[in-house]
Amino acid sequence: MVVPASKDRQNRGKMWGCKYFYTDDGGTYCEATSGCPIPKDGAFCNICGSYEGKQTKANRLVEPKIVLTNPNEVKNALERIGAFAGVCTGKDAENHKRGKDCVEAGHGSSQRSFNYNFSIEGISISAAREHIRHSVGVAHNEQSTRYVDLRDFKYVRPDGLKDLNVLVALPNAKNVALSFDDIMGIINQFYIGCVDGKNSQSLKVKKDIARYVLPLATETKVNSSFTFQALTHYANQRLCSRAHDEIRELAELIKKEIEAVDPDVAQYMVEQCHENSIGYCNHERSCGKRLRKGELLTSVS
């Protein structure tokens, strides 16, 4: 969107009346070529005192991208589970059926016989915190903010902050209405000023120190490896309506990757109250989709 110019000469420098002031999902920025009272390096308008944080035109918003990196190794999972479990009974049985029986009976050892490997991008550090809490039967490697240069970092913006502007009192006593994208731009400038040495001390700050300014919204990348048992547990927890929006979307995308190579096992990648899982809800604040454990036992008795 381009905000049209004001006919009033006195208002040309005002943020929302300047013909050079642009805004999009990547943030806000100024494209003035001459005569603009807002300095190019991002500062306060000399006329109205509004702040213009110079940002790149590149859209820095990201969405999650999930790739199952070993699809051929995990195809026909129930048959693989059944074959691994075959030594237990010494009985002849079709491996697919035996694998299904193992899963539905909750026999976990055979479900830990192979791993699903995922490459995950476009999630926030906040969502990654929840994701990597899953540690039993799981291995994670996450992008390091210590070694990776994160100037012009990409980020996730929650829907609840999309059109929100907040009046902020800055250190020089100027009150400025800033959006979430404006804040991301200011943080980015500070980070770059640290690692490039463009600061009051002309000191290049190490990335492992400059990273302290990065917000939870910053994009991170994770490689994750799940056993079948760990992945079904992950789905039980993170597909639940009580899960946070971003981690639930991540779980849905992981399930889609599984469905693409082995729809037969995707039926077990469900929320915990689903009939293919435990069949009841154990959350204190239930969504009401299924009976809670106590209610189920009462109805049976």
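Every residue, every condition in (1) more than 30 Å from His107 (Cα to Cα); (2) surrounded by fewer than 14 Cβ atoms within 10 Å (Cβ to Cβ), yes or no:
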{"residue": "Ser200", "(1), (2)": "yes, yes"}
{"residue": "Asp208", "(1), (2)": "yes, yes"}
{"residue": "Arg211", "(1), (2)": "yes, no"}
{"residue": "Leu231", "(1), (2)": "no, no"}
{"residue": "Ala235", "(1), (2)": "no, no"}
{"residue": "His244", "(1), (2)": "no, yes"}
{"residue": "Glu249", "(1), (2)": "no, no"}
{"residue": "Pro263", "(1), (2)": "no, yes"}
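Is there a residue in the range 121-134 that is part of a loop (DSSP other than H, G, I, E, B) and aliphatic (A, V, I, L, M)?
Yes, the range 121-134 contains a residue that is part of a loop (DSSP other than H, G, I, E, B) and aliphatic (A, V, I, L, M).
What residue, of Ala85, Ala105, is touching a Gly at 6+ places or on another chain (Cβ under 9 Å), free of Cβ contacts under 8 Å to residues at least 60 places away in the same chain, outside the structural domain of Ile192 (by TED's automatic domain parsing) and farther than 17 Å from Asp262 by Cβ?
Within the list Ala85, Ala105, the selection yields Ala85.
Search the range 154-163 for residues being at pLDDT 90 or above and surrounded by 10 or more Cβ atoms within 10 Å (Cβ to Cβ), and hand back the single one that is farthest from the chain's Cα centre (by Cα).
My answer is Leu161.
Identify all residues within the range 194-240 that are in a helix (DSSP H, G or I) and in contact with a strand residue (DSSP E or B) (Cβ under 8 Å, 6 or more places away or on another chain); write none if there are none.
Phe228, Ala230, Leu231, Tyr234
Looking for something in contact (Cβ under 8 Å) with a residue 12 or more places away in the chain and not charged (D, E, K, R) - is there at least one such residue anywhere in the range 197-205?
No, there is no match, as no residue in the range 197-205 is in contact (Cβ under 8 Å) with a residue 12 or more places away in the chain and not charged (D, E, K, R).
Going through the range 153-175 one residue at a time, which ones are in a strand (DSSP E or B) and closer than 14 Å to Arg60 by Cα?
Scanning the range 153-175 gives a single hit, Tyr155.
Out of the residues in the range 213-229 meeting the condition of being of a type in the set (S, T, N, Q) and surrounded by fewer than 20 Cβ atoms within 10 Å (Cβ to Cβ), tell me which one is nearest to Gly99 (Cα to Cα).
Thr227
Which of the residues that make up the range 73-82 are touching a residue at least 60 places away in the same chain (Cβ under 8 Å) and either within 14 Å of Phe226 (Cα to Cα) or not aliphatic (A, V, I, L, M) (or both)?
Result: Val74, Lys75, Asn76, Ala77.
Out of Leu178, Leu150, which single residue is surrounded by 15 or more Cβ atoms within 10 Å (Cβ to Cβ), over 16 Å from the mean Cα position of the chain (by Cα), part of a loop (DSSP other than H, G, I, E, B) and of a type outside the set (Phe, Trp, Tyr)?
Leu150
Test Leu170 against the criterion of being over 30 Å from Val265 (Cα atoms) and at pLDDT below 90, and give yes or no.
It is true that Leu170 is over 30 Å from Val265 (Cα atoms) and at pLDDT below 90.
Looking at the range 181-192, which of the residues that are free of Cβ contacts under 8 Å to residues at least 60 places away in the same chain and buried (at least 16 other Cβ atoms within 10 Å of the Cβ) is farthest from Leu150 (Cα to Cα)?
Step by step, filter the range 181-192, then rank; the result is Ile183.
The values are calculated or read from the model by the stated rules, or taken from the named source; none is laboratory data. Treat the numbers as computed from the prediction; the structure is a model and nothing was measured. A quick note on method: Cβ atoms are made from the backbone with ideal geometry, for glycine too, and the neighbour counts reach across all protein chains shown.
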